[in-house]
Amino acid sequence: MNGAPPRIPRAARLAVASTLALAFLEFLWEVALAPLRPHGSWLVLKALPVALLVPGVARGRRMPRQALSLLLPLYIGEALVRAMAETGRHALVAAAACTTAGVAFVALLAWFRDETLRQRKHDALDDA
């Protein structure tokens with residue numbers, strides 16, 4: 001080995017950062033930023049699935065990334081509905097969550113695409 005650290009694709013870094021940001025935003029949304037009830041609610045638990053997947057995504061494991069790619073459309077939909085239905089600060093926080101979840105989803109798809117292209121290139125070299 002040449003001692004250089006492995007190159008981490010930009011899509012992977014963006015996916016990890018936006019997933020971590022989404023976990024924090026979802027938690028803060030229901031605790032402090034714009035809770036449904038004045039002192040928070042059990043809806044804060046919606047941050048838990050994303051938070052549990054963050055370590056696996058950060059390690060680059062495939063199964064957590066696949067699970068996250070199935071969950072993110074639900075977070076996008078919920079945030080989009082609340083952004084359209086609510087007003088003021090609540091709508092802004094919902095729009096931020098929708099955007100963050102959308103960025104994470106697109107970054108995950110790009111990461112999967114990069115891996116697929118890299119694997120095809122590797123297989124083509126093996127066949128030659």
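Return the sequence-ordered ³J(HN,Hα) values of the stretch 55-69 in whole Hz as given by the Karplus equation 6.51 cos²θ - 1.76 cosθ + 1.60 applied to θ = phi - 60°, using x for Gly and Pro.
Listing the rounded values in order: x, x, 5, 5, 7, x, 6, 6, 4, x, 5, 5, 4, 5, 5 Hz.
Nearest 0.05, what FRET efficiency do His122 and Lys46 give at R0 = 35 Å with Cβ-Cβ as r?
Efficiency, rounded to the nearest 0.05: 0.35.
How charged is the neighbourhood of Ala107? Take every other residue with its Cβ under 11 Å from the Cβ of Ala107, and add Lys/Arg as +1 and Asp/Glu as -1.
+3
Starting from the Cα-Cα distance between Arg62 and Val106, subtract it from 0.36 nm times their residue separation and give me the gain in nm to one decimal.
14.3 nm
Let me make sure I get this right: for the chain, a, b and c are the square roots of the gyration tensor eigenvalues over alpha carbons, sorted descending. Under 1.5 in a/c it's rounded, otherwise prolate if a/b > b/c, else oblate. Which is it?
Prolate shape, in that a/c is at least 1.5 and a/b is the bigger ratio.
Mean residue ellipticity at 222 nm from the helices of the chain, using -39,500 (n - 2.57) per DSSP H segment of n ≥ 4 over the full residue count, to the nearest 500 deg cm²/dmol?
That comes out to -26000 deg cm²/dmol.
Could you give the nm distance between label points at Arg89 and Leu33, where each point is 7 Å from its Cα heading toward the beta carbon?
1.2 nm
With a ≥ b ≥ c the root eigenvalues of the C-alpha gyration tensor of the stretch 81-128, is it rounded (a/c under 1.5), prolate (a/b larger than b/c) or oblate?
Prolate shape, in that a/c is at least 1.5 and a/b is the bigger ratio.
Accessible area per residue, 1.4 Å probe, Å², for the chain: what's the number?
With all protein chains present, the chain gives 64 Å² per residue.
The values are calculated or read from the model by the stated rules, or taken from the named source; none is laboratory data. Keep in mind that what you see is a predicted model, and the values were worked out from it rather than measured. So basically every Cβ, Gly included, is an ideal-geometry build from the backbone, and we count neighbours across all protein chains shown. Just so you know, the surface numbers come from the protein's heavy atoms only, side chains and all, with ligands and any DNA or RNA stripped out. Shrake-Rupley method; radii C 1.70, N 1.55, O 1.52, S 1.80 Å.
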